[in-house]
Amino acid sequence: MSSTYDRLYKVVVLGEGAVGKTAIVTRFSHGFFRTDYKTTIGSQFAVKNIDIKASEGRRLTVKLQIWDVAGQSRFQILRPMYYRGASGGILVFDVTRRRTFIVLQEWLDELRKAINKDIPLVLVANKTDLPDRVVTPAEGREFADKRRMPYVESSAKTGEGVIDIFEQLGKTLVEQREEGGQWEVQ
């Protein structure tokens, strides 16, 4: 991986345990899917460069420092230290487990409390390859639209949508910086 880049952003990946956060990060950063994921303890870290089309057709190399944060409640006390300094985030739920969708606002509240500001986020509906879906795309889009965040459906297993997640967030981060604007999530 090249060490040259135009922008550097810290990104946090958050959501309930076993929604596929580590699988998404592994698929994006290393290009493969494993079936034997273990519970994340604290956080895991990955780095990857992506190319983003910026204003006036310029291309920028964006380096993402990706912090995959443990989702189990027993790690709640540790998570705020991993959130600090984040430029953006990826909020993940499992389309086959409604509870992971219902608690999304709690995750947003925890993040906001830890960093005292709003940052660009992408909402990710993961595990779309599974047949027993209980959260509809319309529900996911409605949640994202109300909070002014992009919505992406993905399957870390098949790879569908994974690159889109990080490209969408990278593009939003670059645009926000170029516009000099503040970000607000409801």
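Rounded to the nearest 5, the antiparallel percentage of DSSP beta bridges internal to the chain is 35%. Ordering 142, 153, 16 by the number of other Cβ atoms within 10 Å of each residue's own Cβ, fewest first, gives 142, 153, 16. Highest GNM mean-square fluctuation among 119, 50, 77, for the chain modelled with Cα contacts below 10 Å: 77. Counted as membrane-span-like here are DSSP H helices of the chain whose alpha-carbon atoms extend 20 Å or more along the helix's own axis and whose Kyte-Doolittle mean is -1.0 or above; these are 162-179.
Taking 0.36 nm per residue of separation and subtracting the Cα-Cα distance, full extension of the segment from residue 73 to residue 56 would add 1.7 nm.
In angstrom, the C-alpha Rg and Dmax of the range 34-152 are 15.6, 47.
Ordering 138, 169, 19 by Cα displacement along the dipole of the chain toward the positive end leaves 19 in first place; charges were set at the Cβ atoms of Lys, Arg (+1) and Asp, Glu (-1). The simple spin-label model puts a point 7 Å past each Cα toward its Cβ; for residue 99 and residue 4 those points are separated by 5.0 nm.
Counting lysine pairs in the range 7-179 that sit 8 or more residues apart in sequence, or on different chains, and whose Cα atoms lie under 16 Å apart gives 16.
Residues considered: 159, 71, 57. Largest GNM mean-square fluctuation over the chain, using C-alpha springs under 10 Å, is found at 57.
Values quoted throughout were computed directly from the atomic coordinates according to the rules given, and no laboratory measurement underlies them. Note that the coordinates shown come from a computational prediction; the quantities given were computed from them, not determined experimentally. Please note: Cβ atoms are built from the backbone with ideal geometry, for glycine as well, and neighbour counts cover all protein chains shown.
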